[in-house]
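Contents: one structure, followed by commentary.
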Amino acid sequence: MAKLHVKKGDQILVLSGKDKGKKGKVLSSLPTAGKVVVEGINIVKKHTRPTQTVQAGIYDQEAPVYSAKVMVICPSCKKATRIKKAQITKANKVAWVRACKKCGELLDK
């Protein structure tokens, strides 16, 4: 299973593709495919058949985007940044967390 640099709830910036330059929030991540679903990014048309719960029609929905095409936006410095691993210790246990490469602030609280 691949490990992604973005997690659910992160604010991201799209680096390439039809939505280049747009910002959004990660709704879900798909680590095995290396993709993420972002709110308002990569909108596609979905044709649905009628069922007992859903009416037939054409709906817009977000499709997954490769995680390499997005960059995390740091909540403290508000800039798109790469991440680095920062080491913290809690109760004599060492943990690795994500941190901003520009300002050094922790992304995982």
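Values in this text are rule-based calculations from the coordinates and carry no lab data. Quick caveat, the model's predicted, so the values are computed rather than measured. Virtual Cβ from ideal backbone geometry, glycine too; neighbours counted across all protein chains shown.
Annotations
- Within region 55-66, restricting attention to residues that are part of a loop (DSSP other than H, G, I, E, B) and of a type outside the set (S, T, N, Q), the residue that is surrounded by the most Cβ atoms within 10 Å (Cβ to Cβ) is P64.
- Residues of region 67-82 that are loosely packed, with under 13 Cβ neighbours inside 10 Å and under 16 Å from G34 (Cβ atoms): A68 alone.
- Residue in region 83-97 that is in contact with a His (Cβ under 7 Å, 6 or more places away or on another chain), outside any loop (DSSP other than H, G, I, E, B) and surrounded by 10 or more Cβ atoms within 10 Å (Cβ to Cβ) present: yes
- Candidate set: region 67-78, residues that are within 15 Å of the chain's Cα centre (by Cα) and assigned to a loop (DSSP other than H, G, I, E, B); chosen: the one farthest from V14 (Cα to Cα): P75
- In the set (1) of a type in the set (S, T, N, Q); (2) more than 20 Å from the chain's Cα centre (by Cα); (3) on the phi > 0 side of the Ramachandran plot, N42 fails one condition alone, (2).
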